[in-house]
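A short worksheet on the structure shown next.
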């Protein structure tokens, strides 16, 4: 890649550092899209022993690029994102990817296609990490930052995305137990305040 285009691309990606997500960190500030992308990449890295049949390097590439479209559209929480929102993001991202020099334009186009189709083990692992990281983040955040629908969503979200793997189903259940404990602790605190 030409050094000028390289720097231009890195500057564009910097936008994800400032693009805030719906969730908060454990210390009480909004997390950025870049932070979310970094952690799902780390999560994928630590799965290589659980999925020896998968190309974990490919999963890591998927995790790194999965939210680049949000540079153009911003982050919209899953429960608020419409089909129209997805189409706009896909079109803007596709145009940008097509403008990249070879071989990056073709490689990224192929990765996004694979991620969308969800047919390969690598795409399924990436999608599970994307969803599970959001649940983990909610469990780490102050429950007062949760929207009303997240109390039930945190108990059911991503069940379908981990169904292909016994390991990920166990991880999902552990996250669910953390959610239940967090909700119960919040209820207990409210009861104490009411006494």
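The values are calculated or read from the model by the stated rules, or taken from the named source; none is laboratory data. This one's a predicted model, so the numbers in the text were calculated from it and none came from an experiment. Every residue, glycine as well, gets a Cβ built from its backbone with ideal geometry; the counts of neighbours run over all protein chains shown.
What to note about this one:
- Members of the range 158-180 that are in a loop (DSSP other than H, G, I, E, B) and without any contact (Cβ under 8 Å) to a residue 40 or more places away in the chain: 158, 159, 160, 161, 162, 163
- The conditions of being in contact with a strand residue (DSSP E or B) (Cβ under 9 Å, 6 or more places away or on another chain) and either closer than 19 Å to residue 60 by Cα or at pLDDT below 95 (or both) are met by residue 32.
- Once the range 56-73 is narrowed to residues that are farther than 17 Å from residue 97 by Cβ and under 14 Å from the mean Cα position of the chain (by Cα), the residue that is surrounded by the fewest Cβ atoms within 10 Å (Cβ to Cβ) is 60.
- Boolean, residue 97 is in contact with a helix residue (DSSP H, G or I) (Cβ under 9 Å, 6 or more places away or on another chain), without any contact (Cβ under 8 Å) to a residue 60 or more places away in the chain and either farther than 22 Å from residue 149 by Cβ or crowded, with 18+ Cβ neighbours inside 10 Å (or both): yes
- Scope the range 74-94; condition modelled with pLDDT of 85 or more, outside any helix (DSSP H, G or I) and surrounded by 14 or more Cβ atoms within 10 Å (Cβ to Cβ); matching residues: 75
- Applying the set (1) outside any helix (DSSP H, G or I); (2) touching a strand residue (DSSP E or B) at 6+ places or on another chain (Cβ under 7 Å) to residue 134 leaves exactly one unmet item: (1).
- The listed residues are 8, 50, 31, and the only one of them that is surrounded by fewer than 19 Cβ atoms within 10 Å (Cβ to Cβ) and more than 21 Å from residue 107 (Cα to Cα) turns out to be 50.
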